[in-house]
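Okay, so here's the structure we're looking at.
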Amino acid sequence: MKNLWTSCFIAAVAGVAVTVVQSQQPAQQPAGERKAVADRGGRGGADANTTRTSKEELERWMKELSNWGRWGKDDQLGTVNLITPEKRKQAAGLVKSGIVVSLAPETMPGKIAPGGSGPPLVGPPLGSSTMDINFNKQGRTGWVHEQNYALTSTHNGPHLDALCHVAFDGKTYNGYSLTEIATRDGGCSKMGIGGVKDKMVTRGILVDIARMKGLQRLEPGTHIYREDIEAFEKWAKVKFEPGDLFLYRLGGSKGSGLDPSFVPFLKQRDIALFGGETAHEAFTVPGFDVPVHTVIMVPLGMNMFDNLDVERLAETAAKLKRWEFMFVAAPTPSTRGTGSQISPIAIF
């Protein structure tokens, strides 16, 4: 597609500048994370701490929960290292019924709109369709193909964050300096999303606290704490193990989410991947911006899935009374990309 700018975002926390590939526009926070921040009243702007943790504790966890050096000083995979061939075989063994569920919401052609997290679109005028269908014919054979103008950022919609996406005090996972591994026109020379293009096949567990409580969705503003997750394990008769994917459902409950105080659970259980239906930043910790992304991605080295569709997954799991499944995700193999649009699947 000609004249379409492609943008990739590197969210740098605590005053580190965001680097945008192939864009001279001012850096912006990815749209999903901006919306999550707006929904809770502003990025770091609230005076009240709405969580069980604190700035001081989160800063301590940046060291105490660190996986830096665990898989070598040059490691770029982080907790994906926990997804071993044996783990993939275990996941394949969970396939009993052959039911496949997509975790990406369906999309329809829309209209090109102003704003968004990427640079301004250079192409069709605002208000044009996001899909331009071209008709071609060769002899008796005809076909159609499209120019799709909908994508402005690899961090919009359902997507997977690369480990180079987030830095804290200038450092990404394993101590790499953000300004040394990322450039405006070259992307990430370390930990680009292409490095996990064939790694993400593992056992997944969906945590559905609402169903455990007999609710269609959580009450607005609900905090999910570690004890809720452990209670769900007992209720669903599953237990998180090393190399697993941690998925959770809110049911569209506004202002609800995982309390950042749960993060040590991920380290203690050696979880490999994390994701859910939102951008995860539901609550405010004054003085510590974007706590969930920061503490999960930088010290732990854990890739994150944002904005997935888990409703049909939850319905299928409830019907089968099985909350574990085989999980498969294959990001676009952009060697230096900071993330990828994603359409993962769960197989029961």
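The values are calculated or read from the model by the stated rules, or taken from the named source; none is laboratory data. Everything numeric in this text was worked out from a predicted model, so none of it was measured. Please note: Cβ atoms are built from the backbone with ideal geometry, for glycine as well, and neighbour counts cover all protein chains shown.
Matching residues to (1) surrounded by 13 or more Cβ atoms within 10 Å (Cβ to Cβ); (2) at pLDDT 65 or above; (3) more than 21 Å from the chain's Cα centre (by Cα):
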| site | (1), (2), (3) |
| --- | --- |
| Gly110 | no, yes, yes |
| Gly118 | yes, no, no |
| Ser128 | yes, yes, yes |
| Gln138 | no, yes, yes |
| Ala150 | yes, no, no |
| Thr172 | yes, yes, no |
| Thr202 | yes, yes, no |
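For Leu160, the criteria (1) in contact with a helix residue (DSSP H, G or I) (Cβ under 6 Å, 6 or more places away or on another chain); (2) hydrophobic (A, V, I, L, M, F, W, C); (3) touching a residue at least 40 places away in the same chain (Cβ under 8 Å) hold in every case but one, which is (1). Applying the condition of being at pLDDT below 95 and not in a loop (DSSP other than H, G, I, E, B) to segment 333-348 and asking which residue is surrounded by the most Cβ atoms within 10 Å (Cβ to Cβ) yields Gly339.
If you go through segment 254-277 and keep only what is within 22 Å of Val196 (Cα to Cα) and either modelled with pLDDT of 95 or more or not charged (D, E, K, R) (or both), you end up with Leu266, Lys267, Arg269, Asp270, Ile271, Ala272, Leu273, Phe274, Gly275, Gly276. Within segment 175-196, the only residue that satisfies the criterion of being without any contact (Cβ under 8 Å) to a residue 24 or more places away in the chain and in a strand (DSSP E or B) is Ser177. Is it the case, given these coordinates, that Leu178 is touching a Ser or Thr at 6+ places or on another chain (Cβ under 9 Å), modelled with pLDDT of 70 or more, surrounded by 13 or more Cβ atoms within 10 Å (Cβ to Cβ) and of a type in the set (A, V, I, L, M)? Yes; evaluated as a whole, the condition is true for this residue.
Within segment 210-232, restricting attention to residues that are part of a helix (DSSP H, G or I), of a type outside the set (Lys, Arg) and out of contact with any Gly (no Cβ under 9 Å at 6 or more places or on another chain), the residue that is farthest from Ala317 (Cα to Cα) is Glu227.
Within segment 65-76, residues that are in contact (Cβ under 8 Å) with a residue 12 or more places away in the chain have Cβ atoms under 7 Å from residues that are among the basic types (Lys, Arg) and surrounded by 18 or more Cβ atoms within 10 Å (Cβ to Cβ) in these pairs: Leu65/Lys267; Gln76/Lys190, counting only partners at least 6 apart in sequence or on another chain. Looking for something of a type in the set (Asp, Glu), surrounded by fewer than 18 Cβ atoms within 10 Å (Cβ to Cβ) and touching a residue at least 12 places away in the same chain (Cβ under 8 Å) - is there at least one such residue anywhere in segment 317-332? Among the residues of segment 317-332, not one is of a type in the set (Asp, Glu), surrounded by fewer than 18 Cβ atoms within 10 Å (Cβ to Cβ) and touching a residue at least 12 places away in the same chain (Cβ under 8 Å), which makes the answer no.
For segment 220-229, the set of residues classified as of a type outside the set (S, T, N, Q) and either touching a residue at least 12 places away in the same chain (Cβ under 8 Å) or farther than 29 Å from Gln90 by Cα (or both) consists of Pro220, Gly221, His223, Ile224, Tyr225, Arg226, Asp228, Ile229, listed by residue number.
Thr222 meets the stated requirement of being over 30 Å from Asp74 (Cα atoms) and either in contact with a Pro (Cβ under 6 Å, 6 or more places away or on another chain) or among the β-branched types (Val, Ile, Thr) (or both). In segment 233-247, the qualifying residues are those that are without any contact (Cβ under 8 Å) to a residue 60 or more places away in the chain and outside any loop (DSSP other than H, G, I, E, B), and the one that is surrounded by the fewest Cβ atoms within 10 Å (Cβ to Cβ) is Lys234.
Of the residues Gly251, Gly214, Gly287, which is surrounded by fewer than 17 Cβ atoms within 10 Å (Cβ to Cβ) and modelled with pLDDT under 95? That would be Gly287, the only listed residue that is surrounded by fewer than 17 Cβ atoms within 10 Å (Cβ to Cβ) and modelled with pLDDT under 95.
Report whether or not Leu258 is of a type in the set (A, V, I, L, M), free of Cβ contacts under 8 Å to residues at least 60 places away in the same chain and touching a Gly at 6+ places or on another chain (Cβ under 9 Å). The answer is yes for Leu258. Being closer than 20 Å to Leu82 by Cα and surrounded by 23 or more Cβ atoms within 10 Å (Cβ to Cβ) is a description that does not apply to Arg269. Checking the structure you have, find out if any residue of segment 48-58 is surrounded by 13 or more Cβ atoms within 10 Å (Cβ to Cβ), at pLDDT below 95 and over 22 Å from Gly192 (Cβ atoms). Among the residues of segment 48-58, at least one is surrounded by 13 or more Cβ atoms within 10 Å (Cβ to Cβ), at pLDDT below 95 and over 22 Å from Gly192 (Cβ atoms), which makes the answer yes.
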